[in-house]
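Enquirer: Please see the structure below; I have some questions.
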């Protein structure tokens with residue numbers, strides 16, 4: 001089967017840094033504040049100006065960041081301890097650090113279509129897993145477009161900045177929800193969603209983005225793995241405008257492993273999700289509540305030599321004229337990861353209608369080396385004008401893009417499932 005690997009390569013950029021607060025405790029705050037205030041006012045002012053000059057061109061609004069970080073440390077100052085604004089900024093700079101969000105890798109992409117443009121191009125949003133020091137992962141985004149003859153382009157980021165959200169709120173209710181907000185004027189390519197809550201303190205991993213439509217309304221969801229350094233759990237992101245994002249905890253007996261991906265629409269009046277429950281096999285789940293999943297039905301187990309160690313899904317199922325196209329991953333000898341394809345019945349997606357015998361995509365020689373070698377992986381594809389648009393990660397380091405003819409893929413799957421594997 002023909003695959004068109006594009007020359008596009010999305011590589012990590014160590015220059016993309018965000019600002020984080022750190023080392024804030026009563027002893028450190030009081031000690032550093034006391035020393036600074038013993039300095040002459042002119043000396044403090046000069047030190048602040050030098051700091052702003054060295055770092056302001058690396059951040060969208062460094063002074064705003066320092067003001068926010070001062071509010072975090074202010075409760076640790078003695079009662080009645082007053083500082084003028086310039087001294088507040090200087091003190092806050094001692095409790096602020098830069099974090100290079102892509103210093104280790106930029107990988108495991110997912111893609112979802114945006115509304116069609118007037119010139120016939122299909123705009124899309126691409127989510128990426130950015131990993132930095134300490135293997136802490138966050139979510140980043142790029143935008144692009146593909147035309148009807150398969151020309152694909154990524155829109156260059158208008159700035160070199162990487163910026164965290166403007167506001168963070170923790171909401172109470174039936175299940176924990178965290179909401180973050182980015183300024184309207186900030187381009188999507190600048191957004192960095194860094195771990196916020198304790199249960200994801202060591203990483204937000206492998207967002208599986210999907211455009212979900214119901215009653216004419218579009219919402220973008222993304223299941224992801226939250227990791228705190230000891231245990232994992234699946235959570236779900238929600239946004240309508242890519243400015244405000246909500247992050248929901250999931251609950252239920254069926255929330256116990258990675259690789260969960262939501263169907264882009266309800267199935268027979270219920271939400272549907274592909275999942276993995278036991279580390280090896282694929283299941284389908286149905287629920288009337290998006291945030292609670294209790295039951296699971298097995299649909300597929302490893303069978304082919306290239307996937308015998310385990311299988312998992314690689315993003316939300318894609319609707320085709322023949323059924324639901326599900327991209328999978330399989331792990332074979334020497335922990336080599338390759339992608340496969342499965343066709344689920346259009347009316348009853350717990351039934352496998354067809355599947356590929358050979359891998360859909362595996363690492364070429366130049367893609368084998370990286371943070372985790374011998375791995376090709378994706379977290380979501382889309383279909384445009386009878387083309388499967390498949391972003392994929394190269395050995396957990398950088399990301400590329402491949403195109404397939406959907407009709408050829410479906411025909412190959414049907415033929416191989418009938419035993420004709422020539």
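Read-outs: derived from the displayed coordinates by stated rules, not from any lab. Only a predicted model underlies this, so the values are computations on that prediction, with no experimental measurement involved. Methodologically, a virtual Cβ is constructed for each residue, glycine included, from the backbone with ideal geometry; neighbour enumeration extends over all protein chains shown.
Enquirer: Can you tell me the relative contact order of the chain? Whole percent, Cα pairs under 8 Å, sequence separation 6 or more.
Expert: This gives 14 percent for the chain.
Enquirer: Could you rank the peptides 178-188, 204-214, 258-268 by their average count of other C-beta atoms within 10 Å per residue, with the highest value first?
Expert: 204-214, 258-268, 178-188
Enquirer: Still on this structure: Any idea what log10 I(q)/I(0) is at q = 0.16, 0.23 Å⁻¹ for segment 56-145, Debye with uniform C-alpha scatterers and no solvent?
Expert: -0.81, -1.06
Enquirer: Using helices alone, what [θ] at 222 nm do you get for the chain, with -39,500 (n - 2.57) per DSSP H run of 4 or more residues, divided over all residues and rounded to the nearest 500?
Expert: -4500 deg cm²/dmol
Enquirer: Just to be sure I understand: with springs between alpha-carbon atoms less than 10 Å apart, which residue in 317, 391, 176 has the highest mean-square fluctuation in the Gaussian network model of the chain?
Expert: Maximum fluctuation in the GNM of the chain, among the listed residues, is at 176.
Enquirer: In degrees between 0 and 90, to the nearest 10, how far off the longest principal axis of the chain does helix 41-55 point, with axes built from Cα atoms?
Expert: Helix 41-55 sits roughly 20 degrees off the main axis of the chain.
Enquirer: Could you please state, rounded to a whole Å, how far the C-alpha centre of segment 327-380 is from the C-alpha centre of segment 85-121?
Expert: 29
Enquirer: Give me the Kirkwood hydrodynamic radius of the chain in Å, from all C-alpha pairs, to one decimal place?
Expert: Here the Kirkwood hydrodynamic radius works out to 23.0 Å.
Enquirer: Hey, another quick one. Rounded to two decimals, what is the ratio between the C-alpha radius of gyration of segment 20-97 and 2.2 N^0.38 Å?
Expert: Dividing the Cα radius of gyration by 2.2 N^0.38 Å gives 1.03.
Enquirer: By its C-alpha gyration tensor, with a ≥ b ≥ c as the square roots of the eigenvalues, how is segment 123-174 shaped: rounded for a/c under 1.5, else prolate for a/b larger than b/c, else oblate?
Expert: Taking the square roots of the gyration eigenvalues as a ≥ b ≥ c, segment 123-174 is prolate.
Enquirer: So, one more: Suppose a student asked you for the relative contact order of segment 20-97, using Cα pairs under 8 Å spaced at least 6 residues apart; what percent would you report?
Expert: Value for segment 20-97: 52 percent.
Enquirer: Also, quick follow-up: Relative to the first principal axis of the alpha-carbon coordinates of the chain, what is the inclination of helix 406-417, with its axis defined by its Cα atoms, in degrees from 0 to 90 and to the nearest 10?
Expert: In the chain, helix 406-417 runs at an angle near 60 degrees to the longest axis.
Enquirer: Here's a follow-up. Distance between Cα centroids, segment 246-281 to segment 148-226: provide it in whole Å.
Expert: Value for the Cα centre distance between the two parts: 19 Å.
Enquirer: Let me ask something additional. Rounded, prolate or oblate: pick one for segment 180-286, where a ≥ b ≥ c are the square roots of the eigenvalues of its C-alpha gyration tensor, a/c under 1.5 means rounded, and failing that, prolate if a/b is larger than b/c, else oblate.
Expert: oblate
Enquirer: Would you work out if segment 77-212 is rounded, prolate or oblate? Take a ≥ b ≥ c from the square roots of the eigenvalues of the alpha-carbon gyration tensor; rounded if a/c is under 1.5, else prolate when a/b is larger than b/c, oblate otherwise.
Expert: It is prolate, given that a/c is not under 1.5 and a/b is the larger ratio.
Enquirer: Taking a spot 7 Å from the Cα of residue 179 along the direction of its beta carbon, which residues of segment 244-287 have an amide N less than 16 Å from it?
Expert: 244-249
Enquirer: Where the Cα atoms of segment 188-232 are projected onto their three principal axes, how long is each span, largest first, in whole Å?
Expert: On the principal axes, segment 188-232 reaches 40, 25, 15 Å in Cα extent.
Enquirer: Also, I was wondering about something else. Under 10 Å, Cα contacts only: if you run a Gaussian network model on the chain, which one of 393, 33, 353 comes out with the highest mean-square fluctuation?
Expert: Result for the chain, Cα springs under 10 Å: 33 fluctuates most.
Enquirer: Find the relative contact order for segment 196-279 and round it to a whole percent, using C-alpha pairs within less than 8 Å whose residues are 6+ positions apart.
Expert: So the answer I get is 24 percent.
Enquirer: Additional query: By per-residue mean of other Cβ atoms within 10 Å, what is the highest-first order of 107-116, 328-337?
Expert: Order by mean packing, descending: 107-116, 328-337.
Enquirer: Build a GNM of the chain with springs between Cα atoms under 10 Å: which of 190, 238, 347 gets the top mean-square fluctuation?
Expert: Among 190, 238, 347, the largest GNM mean-square fluctuation belongs to 347.
Enquirer: What angle, in degrees between 0 and 90 and rounded to the nearest 10, separates the Cα long axis of helix 26-38 from the longest principal axis of the Cα atoms of the chain?
Expert: Taking the Cα atoms of the chain, the angle to 26-38 is about 40 degrees.
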